[in-house]
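Enquirer: Let me begin by handing over the structure; questions about it come next.
The values are calculated or read from the model by the stated rules, or taken from the named source; none is laboratory data. Please read all numbers here as calculations on a predicted model, not as lab measurements. Here the Cβ positions follow ideal geometry from the backbone for every residue, glycine too, while neighbour counts run over all protein chains shown.
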Amino acid sequence: MKILHYEYQSKERYGSIENDLLKVIEKDIFSDFKVTDKTILLKDVKILPPVIPSKIVAVGLNYAKHVTELVKDRKAPKAPLLFMKPSTSVIGPEENIIHPRKSNEVHYEGELAVVIKKRAKQIGSEEVKSHILGYTCLNDVTARDWQREDVQWTRGKSFDTFCPIGPVIVTDIENPNNLKIETRLNGDVKQSSSTSDLLFKVEELVSYVSEHMTLLPGDIIATGTPEGVGSMVAGDRVEVEIENIGVLRNYVMNEI
């Protein structure tokens, strides 16, 4: 199922996409929701971010080739390298990424994102599947110049608009660890890989994060980016496409 969060007639709703139609969902998508027979034309709605999480837990250096992409002699982490992005950084598809005046080097980072379904605390890898609602695309936008200046990465990762997610949550992906992932800048392929190259797989990541913090419904784990990261400037169009999920498209504009 592809779940879409949308606005229609000034109200926010969730629906299940079927061709060019949305079937309206009743109740909370993090509980026992129901897909109704009421339909809305997809073209008539405004697409919103799939969720506004309480937190985005991101994983750094989780593709082998990306580990040495920016620092040649850097070693792969022995455990998942975690950092946070605030909920205020979230935007949806077709929205603008704002290039801050304070940064001279803003990068795209296409990633697979895990959407948490229910409270998860200290769960084992074998329990992870039941705690996942589904998967979506994410762009871990980064002010690379600021990131380089800091020991930890929060400052360079947390600007408003620095976490585009969407367009949908896909609930029936059997193997998230074998999906093609691609990032395009103005139509040119910049990142092309597969989640089969993840150093730490989805089940291991969710379990590991839950050992250190409680995950809540709607929280997101961003699983890391492949090699090929690079700069974006005002006027650029950036697209993150993941197999069986879709395309997350955003545009870059300068801070006014």
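Enquirer: State all residues of region 3-52 that are within 22 Å of the chain's Cα centre (by Cα) and of a type in the set (S, T, Y); if no residue qualifies, say none.
Expert: Once the filter is applied, which keeps residues that are within 22 Å of the chain's Cα centre (by Cα) and of a type in the set (S, T, Y), region 3-52 yields Y6, Y14, S16, S31.
Enquirer: Looking at (1) more than 18 Å from T171 (Cβ to Cβ); (2) without any contact (Cβ under 8 Å) to a residue 60 or more places away in the chain; (3) of a type in the set (S, T, N, Q); (4) surrounded by fewer than 17 Cβ atoms within 10 Å (Cβ to Cβ), can you tell me which one S103 breaks?
Expert: For S103, the failing item is (4).
Enquirer: What number of residues in region 145-198 are without any contact (Cβ under 8 Å) to a residue 60 or more places away in the chain and in a helix (DSSP H, G or I)?
Expert: Residues meeting the conditions: 8.
Enquirer: Moving on. With the condition kept exactly as written, say whether any residue in region 111-128 is in a loop (DSSP other than H, G, I, E, B) and within 16 Å of L248 (Cβ to Cβ).
Expert: no
Enquirer: With the checklist (1) touching a strand residue (DSSP E or B) at 6+ places or on another chain (Cβ under 8 Å); (2) over 20 Å from V170 (Cβ atoms); (3) not charged (D, E, K, R) in hand, flag the one item S54 doesn't pass.
Expert: For S54, the failing item is (1).
Enquirer: Just to check your reading of the model, which residue among V189, V247 is more than 17 Å from the chain's Cα centre (by Cα), in the same structural domain as V90 (by TED's automatic domain parsing) and surrounded by fewer than 23 Cβ atoms within 10 Å (Cβ to Cβ)?
Expert: The unique qualifying residue is V189.
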